[in-house]
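The values are calculated or read from the model by the stated rules, or taken from the named source; none is laboratory data. Keep in mind that this is a model prediction, so the values were computed, not measured. Here Cβ is always computed from backbone atoms with ideal geometry, including for glycine, and neighbour counts include all displayed protein chains. Note: areas computed on protein heavy atoms with side chains; ligands, DNA, RNA excluded. Shrake-Rupley method; radii C 1.70, N 1.55, O 1.52, S 1.80 Å.
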Amino acid sequence: MEDAPLKNIAVFASGRGSNFSAIIRAVKKGKIKANLSLLISDNPKAGAIARAKRAGVKMALVKREDFSSKSDFEKRIIQHLQDNKIELVILAGFMRVLGPDLIQTFNQRILNIHPAILPSFKGAQGIKDAFDYGVKVTGVTIHFVDAEMDHGPIVLQAQVLVEENDTLESLEKKIHKIEHKLYPQAIRLFLEGKLRVEGRKVKITP
Ligand code: GRF
């Protein structure tokens, strides 16, 4: 029997892009069976753009300030996604809350990674906020994206212990290390058709 054709996936990143690189590596190693077809960035200075160039991944820069409304900005992004027949959108440090245009067009086909155990420590500073709060356990969450920030149904979570001698920097390193393993796992589950969303719950088929 012939294998099913590989699905096309896109990563959205505004910054450094270490999760993007982890996804590139997982695709290269065959741990994620998909075409990594596109990087979308809204920031010309994003480190992710240089990573895309090095890895030969197509890149589209779509800057919010070039559009008079959020809806027009998202419509341009959707055009890129449709032109490239994208079936899964992977947010990896994309520093914008998505609006209804993108969310409805890619309903239950957008994943996000958050560097804390949701619903605790939502927002742009999840690692620092958890560290400053003095938690003993924090971690990483992968979730489907809905209209609210850091809110949609949770796919996977992994914990990271905060030890006595941890600094913010050492905790960041531990969190990123876990992120780079957990995101490829979640993407793989999605692509294998093993995730089913039931209300707030995500059922994972063994
Ligand atoms: C990660 O910590 C991710 O959880 C958060 O933004 C950060 C992006 O890091 N959403 P990088 O750009 O992938 O290195």
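In summary, strands (runs of 3 or more DSSP E) completely within segment 1-115 and bearing 1 or more residues that are farther than 24 Å from Val197 by Cβ and among the hydroxyl-bearing types (Ser, Thr, Tyr) occur at 34-41. From the list Ile86, Ile40, Ile90, pick out the single residue that is open to solvent by less than 30 Å² (accessible area, probe 1.4 Å), closer than 27 Å to Val140 by Cα, more than 16 Å from the ligand (Cβ to nearest atom) and among the aliphatic types (A, V, I, L, M). None of the others qualify; the one that does is Ile86.
For Gly56, are the conditions met, namely being within 16 Å of the ligand (Cβ to nearest atom) and either within 19 Å of Gly17 (Cα to Cα) or among the polar types (S, T, N, Q) (or both)?
Numbers: within 16 Å of the ligand (Cβ to nearest atom): no; either within 19 Å of Gly17 (Cα to Cα) or among the polar types (S, T, N, Q) (or both): yes.
Here the answer is no, as Gly56 does not meet what is asked.
It is to be established whether one or more residues within segment 76-85 are under 30 Å from Lys201 (Cα atoms), acidic (Asp, Glu) and either modelled with pLDDT of 95 or more or out of contact with any Pro (no Cβ under 7 Å at 6 or more places or on another chain) (or both). Checking segment 76-85: not a single residue is under 30 Å from Lys201 (Cα atoms), acidic (Asp, Glu) and either modelled with pLDDT of 95 or more or out of contact with any Pro (no Cβ under 7 Å at 6 or more places or on another chain) (or both). Checking the stated criteria, Ile24 turns out not to satisfy the condition of being within 13 Å of the ligand (Cβ to nearest atom) and out of contact with any helix residue (DSSP H, G or I) (no Cβ under 9 Å at 6 or more places or on another chain).
Here Ala48 fulfils each of the conditions (1) within 15 Å of the ligand (Cβ to nearest atom); (2) open to solvent by less than 10 Å² (accessible area, probe 1.4 Å); (3) touching a residue at least 60 places away in the same chain (Cβ under 8 Å) apart from (3).
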